[in-house]
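Data block below; observations after.
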Amino acid sequence: MGQPVREYLLTLCITAAVTYLLTGPVRKFAIAAGAMPEIRARDVHREPTPRLGGIAMFGGLCAGLLVAAHLTNLKDVFEVSNEPRALLSGAGLIWLLGVLDDKWGVDALIKLGGQMIAAGVMVLQGLTILWLPVPGVGPVSLTPWQGTLLTVALVVITINAVNFVDGLDGLASGMVCIAAAAFFMYAYRIWYGYGLEAAAPATLFAAVLMGMCLGFLPHNAHPARIFMGDSGSMLIGLVLAAGAISITGQVDPDAMKLFEGSEQAAVHATVPVYIPLLLPLTVIAVPFADLVLAIVRRTWKGQSPFAADRGHLHHRLLEIGHSHSRAVLIMYFWSALIAFGAVAYSVNSAGVWFVLAIVALSGVGLVLLLLPRFTPRVPRWAEGFVPPRYRRANRIARAEQGAEVPAEPVAAGAAPSDSEMAAPEPVGSGMNGGASGGASGGVNGATAIGDRSRFTHRRRIGSPQ
């Protein structure tokens with residue numbers, strides 16, 4: 001069992017390395033190609049930042065699958081199943097559509113149609129749901145039309161859920177990486193724990209997806225130097241959906257033989273195991289909840305469900321006072337709690353300690369939500385391992401700058417001094433002054449977010465000059 005683990009780690013590392021190395025040249029290409037749209041009202045960054053990060057992620061996907069196809073144990077996945085080729089075909093279509101949208105913009109209905117076509121291409125090559133394990137009934141075989149409709153719906157929902165949550169630096173890539181890690185643990189357990197070869201493609205997809213996200217995250221973490229764009233968000237959403245479809249509709253629950261007895265009893269007893277698979281969106285429950293709330297909110301206002309706004313969960317975290325990094329970490333926490341909690345429940349659904357741990361961690365998450373202005377105190381010996389804003393010297397410097405007394409106001413009718421005329425105007429936030437900030441700044445997205453409190457920006461903007 002150790003050798004397949006090493007091959008998975010090798011595939012993951014190759015995918016991450018290729019994605020990481022390609023992101024720098026892709027960023028320069030995006031700047032040269034002008035793939036830096038104007039800052040919109042809902043954006044939280046200040047300067048135009050290049051997109052097209054999905055090009056590097058697609059390169060990592062191709063490299064990971066190519067390496068896996070030549071490894072001793074993983075090459076059997078390509079010989080027995082056609083699902084890796086189906087994934088590559090669908091990913092290529094959705095990636096091309098995303099690149100066109102990042103550069104020139106594509107209508108929402110056209111993107112929806114493209115997502116359905118990409119899902120249909122995967123269905124035609126065998127990546128589809130064949131049956132569903134239903135509690136108390138057993139495996140229910142689906143007709144080709146039922147399987148196709150269910151597969152297309154799952155792909156479209158997952159793609160848009162990931163796309164909706166891609167609003168902060170490193171948010172989408174980190175959350176999908178957490179979901180892929182939890183899914184890899186479950187799929188690997190099904191494959192090697194129960195000896196089911198049908199779970200092999202899903203395990204490979206999860207490993208490659210983790211590599212894509214880990215390789216892109218250093219460039220996309222706050223402050224982001226490049227965005228993945230729709231070419232990246234739709235791509236990782238499709239790969240995540242493909243893994244869920246593969247293991248949900250291809251693995252026969254009776255083959256696990258967890259319990260002897262009738263077919264109904266066996267399926268009913270394995271319901272905890274199939275919770276992450278029957279409902280694959282549980283591993284991305286946070287972006288899915290954001291998707292549902294956005295549709296309800298926009299429809300209630302009489303707007304199109306595809307209309308953009310600033311009502312997403314990450315926008316609300318910023319509005320109540322959380323910093324950019326803290327908002328991202330809170331979303332990471334809830335995603336990890338739901339994803340790994342579902343996997344843990346599939347292993348042991350009757351443990352009292354498991355329920356108590358979930359309740360305790362949920363309480364910790366609620367406390368973090370209620371403390372937006374809390375800044376941890378870091379010991380001096382650990383200051384070299386934390387971001388600069390947590391270091392004592394920087395906190396004291398910021399406090400002294402805030403305590404400085406402003407210069408005396410200029411008398412009425414007096415001309416301002418040369419220093420006052422040369423003083424730069426404050427850069428507006430992403431909500432109020434993002435466009436001007438983007439025009440005055442360069443094309444480097446490394447200074448996308450300055451101060452950590454959005455309320456501080458508002459007070460500075462409204463204060464007298």
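If you filter the range 128-187 down to residues that are over 14 Å from the mean Cα position of the chain (by Cα) and hydroxyl-bearing (Ser, Thr, Tyr), you find that the one that is modelled with the lowest pLDDT is Ser141.
Against the condition more than 26 Å from Gly215 (Cβ to Cβ) and open to solvent by 30 Å² or more (accessible area, probe 1.4 Å), how does Ile129 come out, does it pass? Spelling it out, it is not the case that Ile129 is more than 26 Å from Gly215 (Cβ to Cβ) and open to solvent by 30 Å² or more (accessible area, probe 1.4 Å). Please determine whether any residue of the range 10-30 is more than 16 Å from Ser173 (Cβ to Cβ), of a type in the set (Ser, Thr, Tyr), out of contact with any Pro (no Cβ under 9 Å at 6 or more places or on another chain) and open to solvent by less than 20 Å² (accessible area, probe 1.4 Å). The answer is yes, given that some residue of the range 10-30 is more than 16 Å from Ser173 (Cβ to Cβ), of a type in the set (Ser, Thr, Tyr), out of contact with any Pro (no Cβ under 9 Å at 6 or more places or on another chain) and open to solvent by less than 20 Å² (accessible area, probe 1.4 Å).
Close contacts from the range 16-34, counting a first residue that is farther than 20 Å from Leu209 by Cα and a second that is among the β-branched types (Val, Ile, Thr) and assigned to a helix (DSSP H, G or I), with Cβ to Cβ under 7 Å and a gap of 6+ residues or different chains, come to none at all.
Cβ-Cβ contacts under 9 Å between residues 6 or more apart (or on different chains), taken from a first residue in the range 141-159 that is within 10 Å of Ala119 (Cα to Cα) and touching a residue at least 60 places away in the same chain (Cβ under 8 Å) to a second residue that is part of a helix (DSSP H, G or I) and not hydrophobic (A, V, I, L, M, F, W, C), are listed as Thr151/Gly120; Thr151/Gly249; Leu154/Thr248; Leu154/Pro280; Val155/Gly90; Val155/Gln115; Val155/Gly237. Checked against the criterion of being surrounded by 20 or more Cβ atoms within 10 Å (Cβ to Cβ), more than 18 Å from Leu87 (Cα to Cα) and over 16 Å from the mean Cα position of the chain (by Cα), the range 189-208 contains one or more residues that satisfy it.
The values are calculated or read from the model by the stated rules, or taken from the named source; none is laboratory data. These numbers come from a predicted model, not from an experiment. Note that we place each Cβ from the backbone using ideal geometry, even for glycine, and neighbour counts take in every protein chain shown. What goes into the accessible areas is simple: the full protein's heavy atoms, side chains included, and nothing from ligands, DNA or RNA. Shrake-Rupley method; radii C 1.70, N 1.55, O 1.52, S 1.80 Å.
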